[in-house]
Amino acid sequence: MSSTLTPAHVAPPTAPRTARRVVALVVALPLVVAALFIALGLPAAKSGPHEVPIGVVGIDAATLTAQDPDAFDVTTYADADALREAVLDREVYGGVAAGPGGVQVLTASGASPTVATLLASIGTQLGASVQDLVPLPAGDPRGTGFAAAALPLTMAGLLPAVLLSRVFRGRPFVAAGTAVLAAAAIGGTVSALLQWPFGAIEAGGWAVAGVVALSSAAISLTVLGLIGLLGSAGLGLGAVLMVFLGSPLSGLASAPEMLPAGWGAFGQFLPPGAAGQALRSAAYFDGAAAGGHLLVLGAWAVLGALLVTIGVLRRRTR
């Protein structure tokens, strides 16, 4: 009886299943690739100013928005000192002030080298002098250190979650606790790297370390929670949220307002985007305007802890 069960007899029943899998993969893989192109490539390909907050003093806002009405979100200030304060508080990226001494453009490269360059070019057109209120460090005058940090910052949270979910399989609370401890160590390590090899920061190292640690913990706990609830599908969902959406939509390489309209704003509600802007505040602005971004990171960390707890309770119930 067993001698008749040759491969030729066993193969036909599996053929329809194999065919369905082939068709499903042929259809699904191009969709996945298309999603990757859209998530990773479209924000860069369609980048440009969209409602970039700037200020003006003594000139008509229409002067700056005549060519592209959607490029800037213009606020009028009483005098140049008020505009300077707004730049240092991260209310605006910069602005144009006209007075008895002529026209001056104020920028802040620490907030965004891309926007600072854009405003400087406007100053050239107006024949204005340009003052950078928050210049980048001498060790990284073009801001490449922060621009290149978007994906590594995301992976600093994702990779620990993947590793810990394997090492502490079946012990999610141990994995979560270890993730928090590891996040603190990762924060100090990344801060040191940004300060010395990259030269991206000169001060605020402890504040930068704290932001990186909170970002790493937020991402790690969220991904651990998703893995605990959904298994490998949870890891996939976490990777989509943090890497394929969060990293390109963070705006860390330029500014959230330089991404396609609405995309940059959405990115600030994901950990990579919130971490990126909080890092700039901590490194260059003494923490100005970091509160909202830190709140987003804290909310994700709490959500991740809740997901881990829910996963444990579900397993115990079963």
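Okay, residues lined up against (1) within 30 Å of Ala45 (Cβ to Cβ); (2) in a helix (DSSP H, G or I); (3) in the same structural domain as Gly291 (by TED's automatic domain parsing):
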| residue | (1), (2), (3) |
| --- | --- |
| Gly139 | no, no, no |
| Ala156 | yes, yes, yes |
| Ala161 | no, yes, yes |
| Val174 | no, yes, yes |
| Gly210 | no, yes, yes |
#### Entry: Single condition Ala61 does not satisfy, out of (1) under 19 Å from Gln131 (Cβ atoms); (2) surrounded by fewer than 19 Cβ atoms within 10 Å (Cβ to Cβ)
(1)
### Task
Return yes or no: is Leu224 crowded, with 22+ Cβ neighbours inside 10 Å, over 19 Å from Leu270 (Cα atoms) and touching a residue at least 24 places away in the same chain (Cβ under 8 Å)?
no
### Residue that is surrounded by the fewest Cβ atoms within 10 Å (Cβ to Cβ), among those in segment 263-305 that are without any contact (Cβ under 8 Å) to a residue 60 or more places away in the chain and part of a loop (DSSP other than H, G, I, E, B)
Phe269
### Task
Among the residues of segment 171-188, count how many are loosely packed, with under 14 Cβ neighbours inside 10 Å and either β-branched (Val, Ile, Thr) or touching a Lys or Arg at 6+ places or on another chain (Cβ under 9 Å) (or both).
1
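The values are calculated or read from the model by the stated rules, or taken from the named source; none is laboratory data. What you are looking at is a predicted structure, and each value in this text was computed from that prediction instead of being measured. So basically every Cβ, Gly included, is an ideal-geometry build from the backbone, and we count neighbours across all protein chains shown.
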